[in-house]
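J.: Right, I'll just put the structure down here and ask away after.
The values are calculated or read from the model by the stated rules, or taken from the named source; none is laboratory data. Bear in mind the structure is a predicted one, so any value in this text is a computation, not a measurement. A quick note on method: Cβ atoms are made from the backbone with ideal geometry, for glycine too, and the neighbour counts reach across all protein chains shown. To get the accessible areas, we keep the full protein, side chains included, count just its heavy atoms, and leave off ligands, DNA and RNA. Shrake-Rupley method; radii C 1.70, N 1.55, O 1.52, S 1.80 Å.
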Amino acid sequence: QVQLVESGGGLVQAGGSLRLSCAASGRTLSTYTIGWFRQAPGQEREFVSAISRGTIYYADSVKGRFTISRDNAKNTVYLQMNSLKPEDTAVYYCARWKLGSVFDASSYDDWGQGTQVTVSS
């Protein structure tokens, strides 16, 4: 089991940027596929991005605006979010992929507590 803690959320105007962090303790993150998901009020948890050892995945809605990366020395995965839109407003979660499709929330375990991102128009 790995413990994940998200940070970096906040309130930003449309067009602005934020960088989210997903810090791990208990295990080395570099060996895992880590995903970012988001959940807006009244909506299902939605795939945003994931990073494995050799492949990066993005949802179409964030492609070209968001960048996922990892710093193995800091045991942290980042999500750089640029050109933010009001529809990006949600609680953002990171989690460890275990089995199945990387695009499906049910394929993940060890969810963090989430960090709120609010984009004002």
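J.: Quick check: is even one residue across region 77-94 over 18 Å from Thr115 (Cβ atoms) and either at pLDDT below 95 or in contact with a Gly (Cβ under 7 Å, 6 or more places away or on another chain) (or both)?
T.: Yes, region 77-94 contains a residue that is over 18 Å from Thr115 (Cβ atoms) and either at pLDDT below 95 or in contact with a Gly (Cβ under 7 Å, 6 or more places away or on another chain) (or both).
J.: Looking at this structure, is Asn75 of a type in the set (S, T, N, Q) and open to solvent by less than 50 Å² (accessible area, probe 1.4 Å)?
T.: Here the answer is yes, as Asn75 does meet what is asked.
J.: State the number of residues belonging to region 1-14 that are open to solvent by 30 Å² or more (accessible area, probe 1.4 Å) and aliphatic (A, V, I, L, M).
T.: 3
J.: Separate question: Quick check on this structure: which one of Ala50, Ala73, Ala23 is over 24 Å from Ser101 (Cβ atoms), in contact (Cβ under 8 Å) with a residue 24 or more places away in the chain and of a type in the set (A, V, I, L, M, F, W, C)? Break it down into steps so the answer makes sense when it comes.
T.: Details: Ala50 fails: over 24 Å from Ser101 (Cβ atoms); Ala73 fails: in contact (Cβ under 8 Å) with a residue 24 or more places away in the chain.
Sole residue among the options that is over 24 Å from Ser101 (Cβ atoms), in contact (Cβ under 8 Å) with a residue 24 or more places away in the chain and of a type in the set (A, V, I, L, M, F, W, C): Ala23.
J.: Could you tell me whether region 62-75 includes any residue that is on the phi > 0 side of the Ramachandran plot and touching a strand residue (DSSP E or B) at 6+ places or on another chain (Cβ under 8 Å)?
T.: yes
J.: Of all the residues that make up region 97-120, how many are closer than 16 Å to Tyr57 by Cα, more than 14 Å from the chain's Cα centre (by Cα) and not in a loop (DSSP other than H, G, I, E, B)?
T.: So the count comes out to 1.
J.: Is it fair to say Val119 is in contact with a Leu (Cβ under 8 Å, 6 or more places away or on another chain) and surrounded by 13 or more Cβ atoms within 10 Å (Cβ to Cβ)? Reasoning before the result, please.
T.: Details: in contact with a Leu (Cβ under 8 Å, 6 or more places away or on another chain): yes; surrounded by 13 or more Cβ atoms within 10 Å (Cβ to Cβ): yes.
Yes; evaluated as a whole, the condition is true for this residue.
J.: Here's a follow-up. Out of Ser30, Ser49, Ser25, Ser17, which single residue is modelled with pLDDT of 95 or more, surrounded by fewer than 19 Cβ atoms within 10 Å (Cβ to Cβ) and either in contact with a helix residue (DSSP H, G or I) (Cβ under 9 Å, 6 or more places away or on another chain) or among the small types (Gly, Ala, Ser) (or both)?
T.: Ser17
J.: Name the pairs whose Cβ atoms lie under 6 Å apart, with the first residue in region 85-108 and within 26 Å of Ala14 (Cα to Cα), the second in a strand (DSSP E or B) and not hydrophobic (A, V, I, L, M, F, W, C), and 6 or more positions between them or separate chains?
T.: Thr89/Thr118; Ala90/Arg38; Ala90/Gln39; Val91/Gln39; Val91/Gln116; Tyr92/Arg38; Tyr92/Thr115; Cys94/Glu6
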